[in-house]
1. Based on the Cβ-Cβ distance of A:Leu85 and B:Ala72, what FRET efficiency does E = 1/(1 + (r/R0)^6) give at R0 = 35 Å, to the nearest 0.05?
2. Could you line up B:Ser134, B:Ser155 from fewest to most neighbouring Cβ atoms inside 10 Å?
3. For the residues B:Thr7, A:Thr65, B:Thr147, what sequence is obtained by ranking on other C-beta atoms within 10 Å, fewest first?
4. Summarise the partner chain shielding of B:48-60 as one whole number: the mean count of Cβ atoms from other chains within 10 Å of each residue's Cβ.
5. Restricting to DSSP H runs of at least four residues, report the calculated mean residue ellipticity at 222 nm for chain A, -39500 (n - 2.57) per run over all residues, nearest 500 deg cm²/dmol.
6. Quick one: if you stick a label point 7 Å off each Cα along the C-beta vector at A:Thr27 and B:Lys104, how many nm between them?
7. What average count of beta carbons from other chains do you get within 10 Å of the Cβ of residues in A:66-76?
8. Quick one: helix A:3-24 against the long Cα principal axis of chain A, what's the angle to the nearest 10°, folded into 0 to 90?
Amino acid sequence: MSIWTYTIIIGILTFLSRYVVTAYANTKTYSQITKKVLSYVPSAVFPSLIFPAVFYNNTNFEIYTYEVLAFLFALIAAYFSKNILVTVTVGLLSYIAIVFII
Amino acid sequence: MYQSISTSMKRRQIFLQGIKDVLPLNIPVALFGMFYSVLCIELGFSAYFAMGTSLIIFAGGSQLIFITLLTAGAVPWVIFGSVIMNNTRNFLYGAVFSKYIEKKSRIWKIVLSFFLTDQCFAVSNNYLKKNYKSKFAHYHMLGSGMTVWAIWQLSNLVGIWLGDIVSDQLSLNFFVAITFLALIAKDLGKLYHFLLFYYQQHARSFFITYHLKLT
């Protein structure tokens, strides 16, 4: 199988994962519990993107890393500012500073 | 005629709001995009392939899994399975978004689904929740989605053009992780929301472990 065949298949799989439920879910049949559960999607999915990147080095759980230290700075910035730009800036700058200074 | 001008302005205004809202989330996206191109070329793929995957797949995480597993010599079903597992969160995004765009045409659903990324979901979900009665609220999603798409493609080009400008010492995933921290700051106390993390982590580990056993 050529790499372009792989690319097209993965492109289709990715698009279908975005399209199928978006286009065909019948929201009228959603129960109150389903609606309640769906309201938690952002706060359930985003930690699943954040935590492996911060605390996992491949499959090992690690606490004493540059990422965790920079994450703490960003966490403090997020908690106090509640501002995306401030959090992103503090997180990235502190991470880059820690990696290149320490 | 006045109504038509007013409608057009309203669409434009919501579209621009989508661009404005998603811009801060694109700082890490741009770094990720540059890093992706650099990694592609370092792994021996062509610049056309780096750009082609971004244009066709348009999903940073899936693209990264794809090139890493392909280079490691993984069998096709492991590559496709890993990509599907990585994309499962899109089903949840779709379930949330479907209620906002269920009355739109098929073309709109196809276009908006193509642009449904983490960043687009993060900002447009907030907007649509507050403005779901607005007839043109989906233009916000179009604005945010197209912005992420454009920045992703541009940063890929910059990565190819400038070469290794992002240090290997920096973690690629951390750039993206930091993006979402501010978005969940208000929910930091709700620990039970973290359950999905375990599910996704175990599913991903299963595919990686199974692949390693095969090779």
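Read-outs throughout are calculated quantities, based only on the coordinates presented, and are distinct from any laboratory measurement. It should be emphasised that the depicted structure is a prediction, and the values quoted were computed from it without experimental measurement. In this analysis, Cβ positions are derived from the backbone assuming ideal geometry, glycine residues included, and neighbour counts consider all displayed protein chains.
1. So the FRET efficiency works out to roughly 0.40.
2. Ranked by crowding around the Cβ, least crowded first: B:Ser134, B:Ser155.
3. If I rank by nearby Cβ atoms, fewest first, I get B:Thr7, A:Thr65, B:Thr147.
4. Partner Cβ neighbours, averaged per residue: 4.
5. The helix-only estimate for chain A comes to -25500 deg cm²/dmol at 222 nm.
6. Here the answer is 1.1 nm between the modelled labels.
7. Averaged over the peptide's residues, the number is 3.
8. Once rounded, the angle reads 70 degrees.
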